[in-house]
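Working notes, structure below.
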């Protein structure tokens, strides 16, 4: 258990850290003029940057561009658009990235190599390059320290709500802030999901350690959530560190690094929770915890199998504590365990204890499953391995949303 040393900022967002500006607006990519479809995030000074990307073999042009671009020494900006994935649409999609990045670089008066890109939306459609380019001057003019909330709107697709957070802590006598915005409501499945997350910090940290910290945070948060078992072509997480806080630069795996890493993980965890809670058609969020495995890898394997099970998810939707579906999922995971040592609890309702049913606790378990958020604990043995997953129910509304998404 990590001791809390940070303070969450009320109304925190991507521009909460010092030296960052952002904007968001409607350019015309989306038909609905009330919905923003473009965002721009800019640092006043060059940043160390790091990122993680989808493992899907089908990757959008923006992912391919960013995977190459992230190797550059410094970055200053992130250009994001929503409503079109710019994926599997031929060479025109690559040209669209180049033209939009070129125009953004001209407006910001910075090298093209210092701009990262992200896009999300429908796959296979020609990208409306001229539409986005025509909106870039206005996006540039709207950049402000208060523009984080607008930027959070510009990255959404089927999300019902924006996802923003920020926290602050001290490294020595220097106050450091980490802020973030994210999107993700469907196609949310490890490793990562249809999710975009942009993180800024005014901490001073080397690029190699920033990369190490974000990989650690993503592995423990975004890679342990599930809504619908589908992996996107556009997933990415970016973190930019501009050093404006003037803390001694973090260059070694020491106390300052561990504090930064843990705070970054907390920001990612908050974003991951908001994604699952805002999932398409989601009514219930379940924190699934597996204990007693031979090792953490085995525990994660069992937890992943349960969390991704369609029968488990529909069980949550119906508020039906059918513990047999959990047992079956573990059995199908390939994890070696003794069913006679299996224990399952829905909140504080212990329905199965060392393989024996406690039928009198079933009504109590049903009441737990009617709540918006709850925890299900599964113990599969006496080992020290444990894992935690964040998952959700699967509802008829999810089917309706995705049957008409085009």
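Taking residue 366, is it in contact (Cβ under 8 Å) with a residue 60 or more places away in the chain and assigned by TED's automatic domain parsing to the domain that holds residue 308?
no
Checking the structure you have, find out if any residue of region 317-328 is surrounded by fewer than 22 Cβ atoms within 10 Å (Cβ to Cβ) and either within 25 Å of the chain's Cα centre (by Cα) or in the same structural domain as residue 215 (by TED's automatic domain parsing) (or both).
Checked region 317-328: at least one residue is surrounded by fewer than 22 Cβ atoms within 10 Å (Cβ to Cβ) and either within 25 Å of the chain's Cα centre (by Cα) or in the same structural domain as residue 215 (by TED's automatic domain parsing) (or both).
Tell me which of these residue 398 doesn't satisfy, since it passes every other one: (1) surrounded by 15 or more Cβ atoms within 10 Å (Cβ to Cβ); (2) closer than 18 Å to residue 317 by Cα; (3) in contact with a strand residue (DSSP E or B) (Cβ under 8 Å, 6 or more places away or on another chain).
Of everything listed in (1) surrounded by 15 or more Cβ atoms within 10 Å (Cβ to Cβ); (2) closer than 18 Å to residue 317 by Cα; (3) in contact with a strand residue (DSSP E or B) (Cβ under 8 Å, 6 or more places away or on another chain), residue 398 misses just condition (3).
Got a sec? Which of 360, 349 is surrounded by 18 or more Cβ atoms within 10 Å (Cβ to Cβ), out of contact with any strand residue (DSSP E or B) (no Cβ under 9 Å at 6 or more places or on another chain) and modelled with pLDDT of 95 or more?
Among 360, 349, only 349 is surrounded by 18 or more Cβ atoms within 10 Å (Cβ to Cβ), out of contact with any strand residue (DSSP E or B) (no Cβ under 9 Å at 6 or more places or on another chain) and modelled with pLDDT of 95 or more.
With the requirement that a residue be surrounded by fewer than 24 Cβ atoms within 10 Å (Cβ to Cβ) and touching a strand residue (DSSP E or B) at 6+ places or on another chain (Cβ under 8 Å), what does region 229-250 give you?
243, 244, 245, 246, 247, 248, 249 - these are the residues of region 229-250 that are surrounded by fewer than 24 Cβ atoms within 10 Å (Cβ to Cβ) and touching a strand residue (DSSP E or B) at 6+ places or on another chain (Cβ under 8 Å).
The values are calculated or read from the model by the stated rules, or taken from the named source; none is laboratory data. From a predicted model like this one, the values you see are computed outputs, not experimental measurements. Heads up, the Cβs are rebuilt from the backbone with ideal geometry, glycines too, and the neighbour counts pull from every protein chain shown.
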